[in-house]
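Accompanying notes for the structure given below.
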Amino acid sequence: MNDILEAVSSGIKDSKHAVVFTGAGISAECGIPTYRGKDGLWKKYDPNLYASIGYFLQDPSYYWNFFREVRYPMLQKAKPGKGHLALAEMETFGRIKTVITQNIDGLHQEAGSSSVIELHGTTRVIYCMSCSQKYSMDDVFVMLKDTCPPLCPECQGKLRPAVIFFGETLNPQILRVAFEEAEQCDFLLVVGSSLVVYPAAEIPMRAKKNNATLVIINKEQTALDSEADGVIHEEAGRILPQIVRNLKES
Ligand code: APR
């Protein structure tokens, strides 16, 4: 294990433009469950009902009950984990340029990362579908005490989270910037993703196609392990701080 850790650390140290791509696994130690695997969120909550645009427009109460009872309480309590903090530190001492994340929990920014691309949006911002007025998730949690689904206090329009639901396309500008990062980088580190959801999972392959070194840190096997130059099947919160220590020592 130490050999590959040393190799990954020196790969990041010697890189000119290292980029990190994260998924739900980096937030698992923060009390935010991953989506797949044996205790995955989608095992308990059918994403067709709770996370697809079709059902949200038909009956938003499914999503808002899930938000009130599940999403909001876990986000309220969640603090950045050791993995988020390690990535923020790597950015501070100039070793990584950007974090491209599939996560909607805002924990990278809370940890101090300043260059974060949120491919799937953020659940911390909610906006009115009629007048675009923005609200925080705390505001909406209070509204939900009286009415579900919540309505815009300004115009009584329907509210929605600033996330990408299943069945929606990603914001083309955001995706373009993420692809540009993937194509410019010479080192791409994947942390905590099963790499099964597209177009996000195209990011590592675009980096690889541009001769970047691809390293995957994930607790279990991923769909792209065979394409990687290095794979560490370990927890992000254990490995990333060790990489920071190695970078500091060197
Ligand atoms: N450290 C590293 N990896 C971990 C940890 C950990 N502590 N805990 C879990 N993992 C790994 C799991 O083994 C799993 O392979 O994190 C991965 C998370 O995979 P998914 O649950 O599929 O999450 P993700 O890849 O982020 O999903 C992508 O799918 O449902 C949509 O929009 C949602 O953004 C999400 C997208």
Checklist outcome for this item: Over the range 98-146, the set of residues of a type in the set (Asp, Glu), modelled with pLDDT of 95 or more and either crowded, with 19+ Cβ neighbours inside 10 Å or farther than 27 Å from Ser15 by Cβ (or both) is Asp105, Glu118, Asp138, Asp139
Checklist entry - Of all the residues that make up the range 7-33, how many are more than 12 Å from the ligand (Cβ to nearest atom) and assigned to a helix (DSSP H, G or I)? => result 8
Checklist entry - Restricting attention to the range 39-49, which residues are assigned to a loop (DSSP other than H, G, I, E, B) and within 8 Å of the ligand (Cβ to nearest atom)? => result Gly40
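Going by the conditions given, is Ile4 buried (at least 18 other Cβ atoms within 10 Å of the Cβ) and over 18 Å from the mean Cα position of the chain (by Cα)?
For Ile4, the condition - buried (at least 18 other Cβ atoms within 10 Å of the Cβ) and over 18 Å from the mean Cα position of the chain (by Cα) - is not met.
Got a sec? Which of Arg176, Arg206 is surrounded by 16 or more Cβ atoms within 10 Å (Cβ to Cβ), farther than 14 Å from Asn103 by Cα and at pLDDT 95 or above?
Exactly one residue qualifies, and that residue is Arg206.
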Checklist outcome for this item: Per the list (1) within 15 Å of the ligand (Cβ to nearest atom); (2) crowded, with 24+ Cβ neighbours inside 10 Å, residue check on Glu234 breaks on (2)
Checklist outcome for this item: All conditions in (1) without any contact (Cβ under 8 Å) to a residue 40 or more places away in the chain; (2) within 16 Å of the ligand (Cβ to nearest atom); (3) among the acidic types (Asp, Glu) are true of Glu110 except (2)
Item to check | Arg36 vs. criteria more than 11 Å from the ligand (Cβ to nearest atom) and either out of contact with any Asp or Glu (no Cβ under 6 Å at 6 or more places or on another chain) or free of Cβ contacts under 8 Å to residues at least 60 places away in the same chain (or both) | outcome: no
Item to check | Count of the range 193-225 residues which are more than 28 Å from Glu168 (Cβ to Cβ), within 15 Å of the ligand (Cβ to nearest atom) and not in a loop (DSSP other than H, G, I, E, B) | outcome: 3
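The values are calculated or read from the model by the stated rules, or taken from the named source; none is laboratory data. Please read all numbers here as calculations on a predicted model, not as lab measurements. Here Cβ is always computed from backbone atoms with ideal geometry, including for glycine, and neighbour counts include all displayed protein chains.
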